[in-house]
1. P(r) for segment 72-126, please, calculated from all Cα pair distances in 5 Å bins and given in %.
2. Can you pull the one-decimal nm distance between simple spin-label points at residue 23 and residue 6, each 7 Å off the Cα toward Cβ?
3. At q = 0.23 Å⁻¹, work out log10 I(q)/I(0) for segment 1-98 with the Debye formula, treating every Cα as an identical point scatterer and leaving solvent out; two decimals please.
4. Would you work out the charge dipole size for segment 204-286 about its Cα centre, treating the Cβ of every Lys and Arg as +1 and the Cβ of every Asp and Glu as -1, and quote it to the nearest 20 debye?
5. Can you list residues from other chains, or at least 5 along the same chain, whose modelled amide H is less than 5 Å from the amide H of residue 104?
6. According to the square roots a ≥ b ≥ c of the eigenvalues of the Cα gyration tensor, what is the shape class of the chain, taking rounded for a/c under 1.5, prolate for a/b larger than b/c otherwise, and oblate for the remainder?
7. Give me, ordered by chain and number, the residues 5 or more places off residue 255 or on other chains with an amide H under 5 Å from its own placed amide H.
8. Length gain on complete extension for the stretch residue 229 to residue 299, per 0.36 nm per residue less the alpha carbon to alpha carbon distance?
Amino acid sequence: EMSDEEREFQDKVDNDIKIEPRDWMPEDYRRTLIRQIGQHAHSEVVGQLPEGNWITRAPTLERKAILLAKVQDEAGHGLYLYSAAETLGVSRDEMIELLHEGKMKYSSIFNYPTLNWADIGAVGWLVDGAAIVNQVALQRTSYGPYARAMVRICKEESFHARQGYDAFMKMAQGSKEQRRMAQDALNRMWFPCLMMFGPSDAESVHGEQSMAWKIKVKSNDELRQQYVDQTIPQIDYLGLDRPDPGIEWNEECEHYDFSMPDWKEFFDVIKGNGPCNRDRMRDRVAAWEDGQWVRDGLLAHARKRAAQKVA
Ligand code: FAQ
């Protein structure tokens with residue numbers, strides 16, 4: 001039986017009225033949001049690592065400036081999302097501590113390496129492309145601060161995906177060797193990108209409850225299908241081979257059929273055993289520790305200013 005508070009809450013959700021920080025909400029709704037928004041924020045920040053790795057090696061000044069701006073945008077996305085999570089009563093420091101202790105996750109995709117310049121194009125096109133499909137849906141999520149953060153993030157993310165496709169197109173239309181690199185990047189990145197949408201609906205732990213609360217607006221499998229449907233024509237346009245022999249247009253349901261990723265690999269990666277998990281966490285923790293003097297300096301300055309005001 002639902003309490004009056006729960007009934008009122010669910011009525012708001014059902015009528016697409018946003019839930020705001022000071023509204024009553026079920027404890028599990030709050031916990032689920034902190035988990036998802038926190039994980040989302042961590043992904044933005046950890047996601048800077050594979051790309052940041054290539055800033056000093058970008059092939060031209062223009063590509064370098066674009067990549068620099070994109071990686072900086074990701075830091076901004078992390079900040080909007082940490083701020084949205086903070087409205088639920090958890091601090092950014094607490095979330096970062098949980099990440100560093102391995103008690104919070106970040107997207108599986110960032111545990112794969114970026115081996116060459118084609119991979120950076122592929123991250124923009126395929127990874128940001130997948131992120132957008134998910135985030136466009138989340139603009140309608142029931143929690144106000146999360147929904148509003150998504151609007152701005154989607155605008156910036158669209159630019160990221162376009163620059164990625166542009167860089168990738170140059171490779172696909174380039175020399176034989178560039179074409180080979182582009183195909184190789186696509187082949188390696190494809191299945192990890194499909195994993196970004198989470199396990200199949202049948203295996204999703206939080207899916208059903210999160211849909212009832214409209215934290216999630218579309219299911220993992222629905223979004224994955226939407227991504228495949230939008231990406232295959234882009235692959236064809238580039239004149240590259242499709243990365244999966246199982247891809248075929250299905251006349252009857254008007255969607256592409258495709259093969260599922262190796263779910264055993266997915267669960268290994270999210271348990272911390274992907275190709276780059278240890279490197280990523282080591283780099284994040286080192287960045288946090290190396291930045292301690294900046295945080296100390298800012299705090300000391302703020303305290304001095306506050307003391308001056310009192311005097
Ligand atoms: N990676 O019950 P479900 C970006 C976990 S884009 C790691 O279905 P849920 C932009 C899940 O937490 C990437 N873990 O979970 C960028 C749960 O474990 P738990 C960030 C995953 O939450 C581009 C368990 O599996 N975007 O950063 C993943 O209902 C380039 C069972 O799964 C978002 O985070 C995964 N892929 O649905 C930045 C979008 N999938 O917590 C830089 C917001 C599942 O019980 C460069 N998040 N798990 O221990 C969501 O939409 C959802 O959280 C899903 C998962 C769809 C990811």
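1. Going out from 0 Å in 5 Å bins, segment 72-126 shows 4, 15, 17, 23, 16, 13, 8, 2, 0 percent.
2. 1.8
3. -1.10
4. The dipole magnitude comes to about 900 debye.
5. Under 5 Å from the amide H of residue 104: 99.
6. The shape class here is oblate.
7. Amide H neighbours of residue 255: 250.
8. The residue 229-residue 299 span can extend by a further 20.2 nm.
The values are calculated or read from the model by the stated rules, or taken from the named source; none is laboratory data. This one's a predicted model, so the numbers in the text were calculated from it and none came from an experiment. Glycine gets a Cβ as well: all are built from the backbone with ideal geometry, and neighbour counts include every protein chain shown. Each accessible area value is taken on the protein alone, full model and side chains, heavy atoms only, with ligands, DNA and RNA left out. Shrake-Rupley method; radii C 1.70, N 1.55, O 1.52, S 1.80 Å.
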